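Reviewing the structure listed below.
The values are calculated or read from the model by the stated rules, or taken from the named source; none is laboratory data. In this text, all values refer to a predicted model and were calculated from it rather than measured experimentally. Neighbour counts are summed over all protein chains in view; Cβ atoms, including those assigned to glycine, are modelled from backbone coordinates with ideal geometry.
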Amino acid sequence: MKAILRLLLLALFFLPVAVFSQSRTIKGFVTDSAGAPLEGVSVTVKGTHKSVVTNAEGRFTISTGSPGAILEFSYVGYISREVPASNGTAVTVTLTSRGGQMNDVVVTGYGQSAKKNITGSIASISSEDFNAGVISTPGELLQGKVAGINVTKSGDPNEQPVVILRGASTFRSGSAQQPLYVIDGVPDASIDLVAPSDIATIDVLKDASATAIYGARAANGVIMITTRKPKTGQTRLAYNAYVSAEQVSKRLSMFTGNQLRQYLINNGSPLVPGNSSGDYDDSLANTNWQNQVQQTGISQNHNIYFGGNTGNTIYGASINYFDNVGVMKGSSLQRTSIRANVEHRMFNDHLRLGLTVLNANSTSDQIPSQVFENMLIFMPTLNVKEAGSAYSTEYPYGPLNPVSLIANNTDQSKMKTFLANALAEVKIQPGLKYTLSLTDQTTDTTTEIYEDSQSELARGLNGVANSSTTSNTKELIESFFNYDHNFGLHNIKLLGGYSWEQDVLGRGFGVTTQNFSNDQVGPNNLAFSNPPAGTIVLANSNIGTLKLISYYARVNYIFNDKYLFQASLRDDGSSAFGANNHWGLFPAVSGGWRLSKESFLQSATWLDDLKLRVGYGVTGNSLGFDPLIAQQQYGITGRFLSNGEAINAIGVTQNANPDLKWESTATTNIGTDFSLWKGLLSGSVDYYIKTTSNLIWSYPVSSTQYPYPDLTTNIGKISNKGVELTLIATPVKTRNFTWRSTLTAAHNTNKILSLSNSQFNEQSINTAFLGGQGQSDNWSQILQVGHPIGTFDIWHYAGKNQAGVTQIEAADGADTLTPTTADFRIEGNAQPMLLLGWNNTFTYKQFDLNVFFRAVTGNKILNATLAGLNNPSSAHFQNLPTFSESESFNDFNSYLISDRYLESGTYLRLDNATLGYTVPIHSPSVNRMRFYTSVNNAFILTKYKGIDPEITQGGLTPGIDNSNFYPKTRSYLLGVNVIF
Amino acid sequence: MQIMKKIVSVIIGGAFLLSMGCTKLNVPIQSQYTPANFPTTSSDFTAAIGPIYTGLANNSSAGTRYAVEYWRMQELSTDEAIIPARNGNYDDGGQYRFLHLHTWSPDHIDVVSCWEWGFSGIDQCNSLVNVFNAAPASASKGPAIAEVKAMRDLFYFFMMDLYGNIPIIDTFPVVGYPATQPRAQVFAFIEKDLLSLLPSLSTTVDASTYGRATKYMAFALLEKMYLNAAYYTGTPRYTDAVSMADSILINGPYSLDANYGSVFAPTNGPGVQETIFAVPYDANLIPGDQINRYGGATYVYPLYNLPQPESVAMSTDSGFYHQNFILPGDTRDTFWVRGPQYYFANQQIEASLYPSGIIPILQNLYPLAIFPASYTALYANYTSGTLPGVYYYLGAPYDIAFWNINYTDSLVLRGDPSKMDVGDDVFAQCEGIRSKKFYPDPNENSQTEDANNDVPVFRLADVLLMKAEAILRGASATTVKGTLQTPVVLANIVRSRVGAQLATSSFSVDSILPERAREFAWEGWRRNDLIRFGLFEGAWGFNLGNGSPDLRIYPVPSTELSLNPNLVQNPGY
């Protein structure tokens, strides 16, 4: 590496230098075709880097340098113009909207391209269209805004949203299902680093022809995040801030203490009053436990940004402070992010050097997951505390006091993420550019968990403390050439590059110890513990070095601005895979035809642009992999007596599979982009077929052949087929009033095609063990050939018998009170039919109003929470939902998980409504000032009986609500944007 | 300028090519053991043998523990132990009920997990034989290989006893799919292998070999096999059984402990003089002893100073108790928990209320006035408020009665009979006789309820009673250390230790089964004994008996049949 830097410096030294300087001043005014001033239009003196932008009144001043200069006016969404600068005269320029977004620049891998020249399926969202609200991660900005992306998130400030692009195409969960995030060109950078307010645009690369350049990590799509940078000539200072109040959007309707007492009296089994200890479950109280553990969370975000662009130098820095207080007491996220970048062009533009530094420090407080179940079932007949001090308890093995769970257990993580990126771009000759980008990222996490002496999770242990640290590092070199050449009617673009990445994951240590003499220090000083022999647990560190080496190339060819062609190839090597399959090739080809450029459509003046796109490519999924996954491993299998001492036994804990390789996804995409009536209506439609083979699964192997019962191997196939539609319309546009409306719709069909390979043959795999009384051997979902992931395989509810007892329809059709697993049947699935997003922006003079609706239809949710709650015969020690009011007290089967609890997940949500007012300011120091107020999740229309139908759609077992759901929230927000 | 540009191009090109030089994907292994770095040292080899023993005690990947899943296969299928459902709880898909009723299937969770447990142990032993064979020559090499093979033979014995016909695998890696072999061949394989190992196995009996395979473990295992040979292979081997017993009785440093209870106490271990081979457990270090967790001391946990109440699940069959625990003076009777429960003398809390010094363990009841009708038949005089054991009432708003905890012998299905459900109120929870033979451990892990009691597999009393049985079945009595050991002599060694009435000349082969029931209750041998005596098809509890003799061996799990085409399902499944 050092050698490379040295060579580069040498190269810089020899590059030619040319700087001129002269001065003439021109003033001007830019409007749109309706006569309204346009702010932010870039005005550049042609052939130079002299550039300014227009202010809020559309005015600008620029010094041209020489007479006869030509000014270039460009603005996103408008047709650029060149106007000769006549000295001394004010220039008035009208820009016309070019309709749609055809000329917008789209960020692709290792480069960028005009939207009109794109042959793949790429959706771009810019900051004004991002979701508003208390938002901690980029994924949430896109929810409902990009057709084909399915984002689900609970109200937990610390939970990452689950982002699934074009249907699940893996059996693995977590990061294996998530798209690859590329932040300012750095692949797989931590998304915690970027404050949402710092993001300018997000481009979502959906099909293989767009993503294949990222090879073995691109199968779930690629999300390209571009942070904001000042335009040429701009210097600015901006302050964005909001404060928000968040509440739970819904509470489950449970019995009050009085209702429960009355219910039990009515059924001849009243509670025993008493209030001394856990043996009694009634102290004549009426406690609403959901109220006790929930709060109004006041959250705030402040972002200060300043930056400038002198043409040759671009600099910018921002500080963001985010404090998200959860609606569940004890849960919160605080994050401070800092971003600084500087970029300089030298040697007559032959060299561009850049340095970007990102840092984020966050503190997460989490609460035990048992709170969610216990806030529902803990007896409302008990007080929070009995006899003044001690938290009330139920009889041992009963539910746990949710207030005590929060008060006596702490779980705090501190994470520090740092990324530095150095960039050098050299113009070797016209059209040929070389880019070298070096990135270093470090993530350090410290987690401290303490279950104190009163904790019911560590009864009688006098405090259990766990302290651990983990450090992950990433080093990345991207080195590539771009060549761009026009000759005649031909345009050709070439890309060739090499990438080297090394991730070291999981370095660190962790200790769990117990028995403290008080609760004052806990995990902060483990030395105060007095652990009995054998109770100290040292974390089993798993340091993994993952090395990825890739070669990639791409060709773009455009003929006559009409026929577009692209081909790309990436050769990816990964150390995580079996010795026999280290390397894989990921090709893609695509073509586009701009019909609107054909002579036979020239007469159609209503048609601005029409393009057909077809692409095919293969991508891989190697995300979320233990670097040693393919090797035989020995681990600690327990202890045994050796010379009378219990020492570690070390044995095989993983079978080797030298043939293991990545999941491979082949995508065919057919699409069209169009723009009509001068941009009043534009949009795109895409149809895709995505087939993933070599799915990775831990397959059970014959115990007569292997010492370890499963083998991680490649089996089976899954397909996703779907249609996506995006429509952008401007139904009304006058000088004072504009209505812009965007509709996205996506339909996906997910289907398992095979669960077999040459070695293993299986028709179905049972998943989703939910437990529950007497059901600890039952599963609730099945992976079965011909059905989608998330298919429910449960009992069929057959009504109640005369005694009021729930019956299940047995496999032979008869009703039974004692169903077995043989009586399970397939009862629908968790995959949505249609995802809809409808965004409307109205501007009237200084006011702007945004109304965003989101809908999901056709999915099923298994409300296992309600099933578990609906247990009348347990009402002596767990509370009942008001749903149970009409249930027979004798129904000993009421809680059995059956299709009685399988509900429609269809909903329509007014996701966000924002009203903004831009203060008319005529001040040289303040450019723009806007106040806004916003409500998130204003209302929801749904028949779902649980807290919220937005149950995670990710993982192998989507669509299950099982008492582990952090409630959704409704938030009210007040914000300000000021630009100086 | 053109020249400059060329130079620059060359330099850039050079930089690019240099950076492309890194094409190697090999990465260092820093925190894991793989075949590249393990085992190498002598400590490695010591640690490498460990998985055999941890696997026996608690095979976490198969989810199988000797004292839980294996134990259930051998005990819940007999009259010694039963887990009824409690208002749906402890039904767990019927797994305990199926064992009790002899209606298990090839998918039964324990049938599946014990197969994985056994063959995982066998594969591990075979792979370790390779590891030791490849190790440099040393004095410990031969004994280490012998120990590993003896443990493999023990796993083989467990598998042969449970599943009958199983594949014989003695190499690793396993090439192809091993095929099912008849039980007689498996027997012959184990016998031959064990006999060949005898010269190399350790004869040391102390803390250093406690819980490890020794020569005496091999003798005891062979004695067990020979005693059952008529059933396993069709050929009786009673004389061989006696000879194996004598190998232990003459040369082994074993003696019966004076206190029967200490053999199973939480403090048991190398100090017990009669244990030949035990599975060592530790509440924290070697988890997996949960005999007491299921043993049901819910309401009496303060009596045993337990950190928390145990589960109410498991008890014994009333018939089993009453048929067998009938000897006058037998202290083994006291290891069952029956009838009303009182605090021990040293736990006299609230003594002023009970001047008699007998303090009942109490549980509050629901108000009597609205007592469910189903109870009135059972506790007939309850409604009058005169039932013994009801201590006092409180006033408004409801009257409350406190009840002296009282474990009743019989199990009455007041819940759903098809689920073998006894109901789940305090009376139902107190139905059934509980065992405290593996004495409740106050130092158990308060989270997992794992206890410190080691679980014996072979002990001297078994060697003695097996010898007595072999003689009663046809072998000749032999003289050991100057005493002619007739069956009566052997039985009385066992009986006199527990103060039971001594056996007389009427002691016959039919006396053996009740004697073993008393001595080895809940030690995992009842199924083996019942089958040998032809009584496994008998009726007890809710099991109506008369099942097929095919049920004497368990089925090959259906998961295994689908993964290995050369396995043959056992007859009748």
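Got a number for residues in region A:544-562 being touching a helix residue (DSSP H, G or I) at 6+ places or on another chain (Cβ under 9 Å) and more than 13 Å from residue A:209 (Cα to Cα)?
7
Looking at A:367, A:377, which is the one that is of a type in the set (Val, Ile, Thr), buried (at least 22 other Cβ atoms within 10 Å of the Cβ), closer than 30 Å to residue A:263 by Cβ and in contact with a Lys or Arg (Cβ under 8 Å, 6 or more places away or on another chain)?
Answer to the selection: A:367.
When residue A:555 is evaluated against the numbered criteria (1) more than 14 Å from chain B (Cβ to nearest Cβ); (2) surrounded by 18 or more Cβ atoms within 10 Å (Cβ to Cβ); (3) under 30 Å from residue A:118 (Cβ atoms), which criterion, by number, is the only one it fails?
(2)
What residue, among those in region A:593-647 that are within 30 Å of residue A:710 (Cβ to Cβ) and away from chain B (no Cβ under 14 Å), is farthest from the chain's Cα centre (by Cα)?
Only one residue fits best here, namely A:618.
Name, by its number, the condition in (1) more than 32 Å from the chain's Cα centre (by Cα); (2) within 7 Å of chain A (Cβ to nearest Cβ); (3) modelled with pLDDT of 85 or more that does not hold for residue B:9.
(3)
Out of all the residues in region B:527-573, which are touching a strand residue (DSSP E or B) at 6+ places or on another chain (Cβ under 7 Å) and either away from chain A (no Cβ under 14 Å) or of a type in the set (Phe, Trp, Tyr) (or both)?
Answer for region B:527-573, where residues must be touching a strand residue (DSSP E or B) at 6+ places or on another chain (Cβ under 7 Å) and either away from chain A (no Cβ under 14 Å) or of a type in the set (Phe, Trp, Tyr) (or both): just B:541.
Please state which of the following conditions residue B:476 fails to meet, knowing it meets all the rest: (1) over 24 Å from the mean Cα position of the chain (by Cα); (2) surrounded by 15 or more Cβ atoms within 10 Å (Cβ to Cβ).
Tallying (1) over 24 Å from the mean Cα position of the chain (by Cα); (2) surrounded by 15 or more Cβ atoms within 10 Å (Cβ to Cβ), residue B:476 fails exactly one: (2).
Hey, among A:912, A:879, which residue is away from chain B (no Cβ under 14 Å), modelled with pLDDT of 90 or more and under 30 Å from the mean Cα position of the chain (by Cα)?
A:912
Would you confirm, using the coordinates I've provided, whether residue A:576 is touching a residue at least 12 places away in the same chain (Cβ under 8 Å), assigned to a strand (DSSP E or B) and either touching a Cys at 6+ places or on another chain (Cβ under 8 Å) or closer than 30 Å to residue A:173 by Cα (or both)?
No, not satisfied.
Just checking, which of B:244, B:217 is in contact with an Asp or Glu (Cβ under 8 Å, 6 or more places away or on another chain) and surrounded by 19 or more Cβ atoms within 10 Å (Cβ to Cβ)?
Of the residues listed, the single one that is in contact with an Asp or Glu (Cβ under 8 Å, 6 or more places away or on another chain) and surrounded by 19 or more Cβ atoms within 10 Å (Cβ to Cβ) is B:244.
Do any residues in region A:341-369 that are farther than 16 Å from residue A:317 by Cα have Cβ atoms under 8 Å from those of residues that are aromatic (Phe, Trp, Tyr), where the two are at least six apart or on different chains, and which pairs are they?
Listed pairs, sorted by first residue: none to list.
Among B:48, B:62, which is within 8 Å of chain A (Cβ to nearest Cβ) and out of contact with any Leu (no Cβ under 8 Å at 6 or more places or on another chain)?
After ruling out the rest, the residue left standing is B:62.
When you scan region A:126-142, do you find a residue that is assigned to a strand (DSSP E or B), touching a Ser or Thr at 6+ places or on another chain (Cβ under 6 Å) and not β-branched (Val, Ile, Thr), even just one?
yes
State the number of residues belonging to region A:665-681 that are at negative phi and surrounded by fewer than 23 Cβ atoms within 10 Å (Cβ to Cβ).
8
Tell me, which residue of region A:377-426 that is among the aromatic types (Phe, Trp, Tyr) and in contact with a Phe, Trp or Tyr (Cβ under 8 Å, 6 or more places away or on another chain) is farthest from the other protein chains (Cβ to nearest Cβ)?
A:378
Within the group A:775, A:759, which residue is outside any strand (DSSP E or B), in contact with a helix residue (DSSP H, G or I) (Cβ under 8 Å, 6 or more places away or on another chain) and within 14 Å of chain B (Cβ to nearest Cβ)?
Only one candidate qualifies: A:775.
Would you mind finding the one in B:566, B:528 that is farther than 30 Å from residue B:477 by Cα and either of a type in the set (S, T, N, Q) or assigned to a helix (DSSP H, G or I) (or both)?
B:566
Here is a list: B:278, B:265. Which entry is within 14 Å of chain A (Cβ to nearest Cβ) and either surrounded by 23 or more Cβ atoms within 10 Å (Cβ to Cβ) or out of contact with any helix residue (DSSP H, G or I) (no Cβ under 7 Å at 6 or more places or on another chain) (or both)?
B:278
Looking at region A:816-874, which of its residues are surrounded by fewer than 18 Cβ atoms within 10 Å (Cβ to Cβ), basic (Lys, Arg) and more than 30 Å from residue B:417 (Cα to Cα)?
A:845
Report yes if some residue within region B:123-146 is of a type in the set (A, V, I, L, M), touching an Asp or Glu at 6+ places or on another chain (Cβ under 9 Å) and modelled with pLDDT of 95 or more; otherwise report no.
no
When you look at residue A:508, is it surrounded by 22 or more Cβ atoms within 10 Å (Cβ to Cβ), within 28 Å of the chain's Cα centre (by Cα) and of a type outside the set (Val, Ile, Thr), yes or no?
No: the conditions fail for residue A:508.
Looking at region A:694-707 only, could you name the residues that are in contact with a strand residue (DSSP E or B) (Cβ under 6 Å, 6 or more places away or on another chain), assigned to a loop (DSSP other than H, G, I, E, B), at pLDDT 80 or above and not polar (S, T, N, Q)?
Once the filter is applied, which keeps residues that are in contact with a strand residue (DSSP E or B) (Cβ under 6 Å, 6 or more places away or on another chain), assigned to a loop (DSSP other than H, G, I, E, B), at pLDDT 80 or above and not polar (S, T, N, Q), region A:694-707 yields only A:701.
Counting just the residues of region B:35-45 that are in a helix (DSSP H, G or I) and not hydrophobic (A, V, I, L, M, F, W, C), which one comes out farthest from the other protein chains (Cβ to nearest Cβ)?
B:42
Quick one: how many residues across region B:12-25 are within 7 Å of chain A (Cβ to nearest Cβ), modelled with pLDDT of 60 or more and assigned to a loop (DSSP other than H, G, I, E, B)?
Matching residues across region B:12-25 total 3.
Can you pull out the strands (runs of 3 or more DSSP E) entirely within region A:820-915 that have at least 2 residues that are polar (S, T, N, Q)?
It comes to A:834-844, A:847-857.
I'm trying to understand the selection: among the residues of region B:51-68, which are free of Cβ contacts under 8 Å to residues at least 60 places away in the same chain and crowded, with 23+ Cβ neighbours inside 10 Å?
Within region B:51-68, just B:64 meets the criteria.
So, in region B:234-266, exactly how many residues are within 19 Å of residue B:218 (Cα to Cα) and of a type in the set (Ser, Thr, Tyr)?
Summing the residues that are within 19 Å of residue B:218 (Cα to Cα) and of a type in the set (Ser, Thr, Tyr) in region B:234-266 gives 6.
Is one or more of the residues making up region A:657-674 over 30 Å from residue B:30 (Cβ atoms) and within 14 Å of another protein chain (Cβ to nearest Cβ)?
The answer is no; no qualifying residue exists.
Please give the number of the condition residue A:238 fails out of (1) among the aliphatic types (A, V, I, L, M); (2) touching a Leu at 6+ places or on another chain (Cβ under 9 Å); (3) surrounded by fewer than 24 Cβ atoms within 10 Å (Cβ to Cβ).
All conditions are met except number (2).
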